[in-house]
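Undergrad: Dumping the structure here so I can ask a few things about it.
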């Protein structure tokens, strides 16, 4: 009865989902611009941060382009509170990474945090469920308290590349070091653009002794 009056719709096209479809209809899923970086051992994401952050492994699930299907999905996630998209992408990418040996030595998954006022306003971190599902798939711990955002910034996704912020290593801090010493940490975020946010996160995480860093994101901006 609930589905009769409030049918589940595709997060990309808003058509009613059919039996066995979840979050995104089959038609839209086939249209998603997957990168396959992790299957192809591609270094596209790592090169984005070359000379700034040393990453063991790095991948993105999808290509992001303005006015594309991925932008629609991320908009629904971030501004309409549709966290099922985050969970969907986490289960999808987590299942793929679990079959790749390079990602099977991850000890802990750490999401890029939101500033406290933005978190209160939005009510959730859009990458939380993404990170939780990846941690489950990799049998790793999930830690959303060690990395803290200390300044508020505006979203970079819809800005011209030259107008995006430069790296600011004071954007983030860490709550403690001991529990993550010697660990392989996987940073997770929704999208990578210039790499400035990831560089800021990495700079403070590297205060922890003897760690390795890897990165996965839902999307990478073209």
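Values quoted throughout were computed directly from the atomic coordinates according to the rules given, and no laboratory measurement underlies them. Everything quoted here is computed from the prediction, not taken from an experiment. Note that each Cβ is placed from the backbone with ideal geometry, even for glycine, and that neighbours are counted across all protein chains shown.
Undergrad: So what's the gap between the Cα centers of region 1-77 and region 84-127, to the nearest angstrom?
TA: Cα centroid to Cα centroid, the span is 13 Å.
Undergrad: Between the helical axis of 69-80 and the dominant principal axis of the chain, each derived from Cα atoms, what acute angle in degrees is found, rounded to the nearest 10?
TA: The angle comes out near 80 degrees.
Undergrad: Using only DSSP helix segments of four residues or longer, with each worth -39500 (n - 2.57), what per-residue ellipticity at 222 nm results for the chain after dividing by its residue count and rounding to 500?
TA: -9000 deg cm²/dmol
Undergrad: Once you sort the root eigenvalues of the Cα gyration tensor of region 169-216 as a ≥ b ≥ c, which label holds: rounded (a/c under 1.5), prolate (a/b larger than b/c) or oblate (the other case)?
TA: oblate
Undergrad: Need one word for region 56-154: rounded, prolate or oblate. Basis is the Cα gyration tensor (sqrt eigenvalues a ≥ b ≥ c); a/c below 1.5 gives rounded, then a/b vs b/c decides.
TA: Judged from the Cα gyration tensor, region 56-154 comes out oblate (a/c at least 1.5, b/c at or above a/b).
Undergrad: Working out 0.36 nm times the residue gap between residue 145 and residue 54, then minus their Cα-Cα distance, what length gain in nm do you get to one decimal?
TA: This chain segment gains 30.5 nm when fully extended.
Undergrad: Report the relative contact order of the chain, percent, no decimals, based on alpha-carbon pairs under 8 angstrom and at least 6 residues apart.
TA: About 22 percent, as a whole number.
Undergrad: Next question, about the same structure. Order by neighbour count: 203, 60, 101, fewest other Cβ atoms within 10 Å first, most last.
TA: Ascending Cβ contact count within 10 Å gives the list 101, 203, 60.
Undergrad: What residue among 110, 44, 16 has the largest mean-square fluctuation in a Gaussian network model of the chain, using Cα springs under 10 Å?
TA: Answer for the Gaussian network model of the chain: 16.
Undergrad: Say we join alpha carbon atoms closer than 10 Å with springs in a Gaussian network model of the chain; which of 129, 18, 91 then has the biggest fluctuation?
TA: Checking each option, the largest mean-square fluctuation is seen for 18.
Undergrad: Out of the DSSP beta bridges found with both residues in region 33-221, what percent are antiparallel (nearest 5)?
TA: The answer is about 15 percent antiparallel.
Undergrad: With everything on Cα atoms, drop me the angle between helix 196-205 and the longest principal axis of the chain, reported from 0 to 90° to the nearest 10.
TA: So the inclination is approximately 50 degrees.
Undergrad: To continue, here is another question. Report the full-extension gain for the segment residue 26 to residue 122: residue separation times 0.36 nm, less the Cα-Cα distance, to one decimal in nm.
TA: Here the answer is 31.6 nm.
Undergrad: Any idea how far apart residue 84 and residue 39 come out in nm if each label point goes 7 Å out from Cα toward Cβ?
TA: Rounded to a tenth, the inter-label distance reads 2.6 nm.
Undergrad: Quick check: the angle from helix 128-138's long axis to the longest principal axis of the chain, C-alpha only, nearest 10 degrees?
TA: For helix 128-138, the angle is close to 80 degrees.
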